[in-house]
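Down below is the structure, laid out as structure tokens.
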Amino acid sequence: DGGITQSPKYLFRKEGQNVTLSCEQNLNHDAMYWYRQDPGQGLRLIYYSQIVNDFQKGDIAEGYSVSREKKESFPLTVTSAQKNPTAFYLCASTHPHGGSTGTDTQYFGPGTRLTVL
Amino acid sequence: AQSVTQLDSQVPVFEEAPVELRCNYSSSVSVYLFWYVQYPNQGLQLLLKYLSGSTLVKGINGFEAEFNKSQTSFHLRKPSVHISDTAEYFCAVLNNAGNMLTFGGGTRLMVKP
């Protein structure tokens with residue numbers, strides 16, 4: 001079955017530690033995204049990548065880093081510089097049709113809930 | 001810059017009653033709109049989307065939405081809700097480059113027996 005997987009589902013971290021969240025897709029999508037979701041709030045974009053070896057900052061990139069070495073994988077590292085990392089993290093992917101065609105549906109993974117102890 | 005406003009953070013409703021979840025957007029050029037549903041501790045699932053054509057869009061699970069350009073709205077409706085519709089619903093607009101979504105704050109639909 002095609003889809004997006006995120007692991008782990010739940011993650012606990014001590015203050016001052018870096019932690020990496022995994023996101024893998026087998027949909028052959030070019031673009032991948034990381035969002036952060038806090039209780040009662042919408043989704044905020046952390047980073048996105050349109051193509052392998054390229055990525056762009058979103059609205060709240062500070063304290064996070066990403067890599068895109070393979071088309072299928074887009075891991076997110078939450079660094080110790082992120083002041084309030086406890087949140088639900090969602091990964092998404094899409095297959096852009098190019099330009100402003102506006103036909104790009106984003107497909108989401110099941111999410112990782114990160115808690116800082 | 002684009003923005004999306006979901007006016008109601010929570011909507012309580014009894015089972016089998018109709019419901020409308022409101023969404024207003026701001027966008028300078030072409031408008032591509034989406035509604036997603038999120039069940040507890042899960043990712044988002046696409047309900048429906050408006051790209052062009054008929055302003056009334058039908059989606060999964062009996063939901064539909066109407067695009068109203070003059071009122072810059074894209075309200076989501078269902079004529080009769082079920083307990084299983086209890087979830088959070090997000091409205092989103094695609095940017096002009098077609099590569100980023102802007103989400104509203106979400107509306108929590110609570111269906112009571």
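Quick look at the numbers
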{"quantity": "Residue in segment B:64-76 that is modelled with pLDDT of 95 or more, surrounded by fewer than 21 Cβ atoms within 10 Å (Cβ to Cβ) and in contact with a His (Cβ under 7 Å, 6 or more places away or on another chain) present", "calculated": "yes"}
{"quantity": "Pair list, Cβ < 7 Å and 6+ apart or interchain, from segment A:28-45 residues that are at the interface with chain B (Cβ under 7 Å from one of its Cβ atoms) to residues that are outside any loop (DSSP other than H, G, I, E, B) and not aromatic (Phe, Trp, Tyr)", "calculated": "A:Ala31/A:Ser49; A:Ala31/A:Gln50; A:Ala31/A:Ser93; A:Ala31/A:Thr94; A:Leu43/A:Gln37; A:Leu43/A:Leu90"}
{"quantity": "Odd one out for A:Thr20 among (1) open to solvent by less than 20 Å² (accessible area, probe 1.4 Å); (2) at pLDDT 95 or above", "calculated": "(1)"}
{"quantity": "Filtered residues of segment A:75-105 (kept if assigned to a loop (DSSP other than H, G, I, E, B), at pLDDT 90 or above and open to solvent by less than 10 Å² (accessible area, probe 1.4 Å))", "calculated": "A:Pro85"}
{"quantity": "Residue check for A:Pro8: within 11 Å of chain B (Cβ to nearest Cβ) and open to solvent by 30 Å² or more (accessible area, probe 1.4 Å)", "calculated": "no"}
{"quantity": "Any hit, segment B:20-34, residues being part of a strand (DSSP E or B), without any contact (Cβ under 8 Å) to a residue 40 or more places away in the chain and open to solvent by 30 Å² or more (accessible area, probe 1.4 Å)", "calculated": "no"}
{"quantity": "Breaking point among (1) under 19 Å from A:Leu43 (Cβ atoms); (2) in a loop (DSSP other than H, G, I, E, B); (3) aliphatic (A, V, I, L, M), for B:Ala92", "calculated": "(2)"}
{"quantity": "Criterion violated by B:Lys49 - all others in (1) within 13 Å of another protein chain (Cβ to nearest Cβ); (2) free of Cβ contacts under 8 Å to residues at least 60 places away in the same chain; (3) closer than 13 Å to B:Gly106 by Cα satisfied", "calculated": "(3)"}
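The values are calculated or read from the model by the stated rules, or taken from the named source; none is laboratory data. All of these numbers come straight from a predicted model, not from anything done at the bench. Ideal geometry is used to build each Cβ from the backbone, glycine not excepted, and the neighbour counts take in all protein chains shown. To get the accessible areas, we keep the full protein, side chains included, count just its heavy atoms, and leave off ligands, DNA and RNA. Shrake-Rupley method; radii C 1.70, N 1.55, O 1.52, S 1.80 Å.
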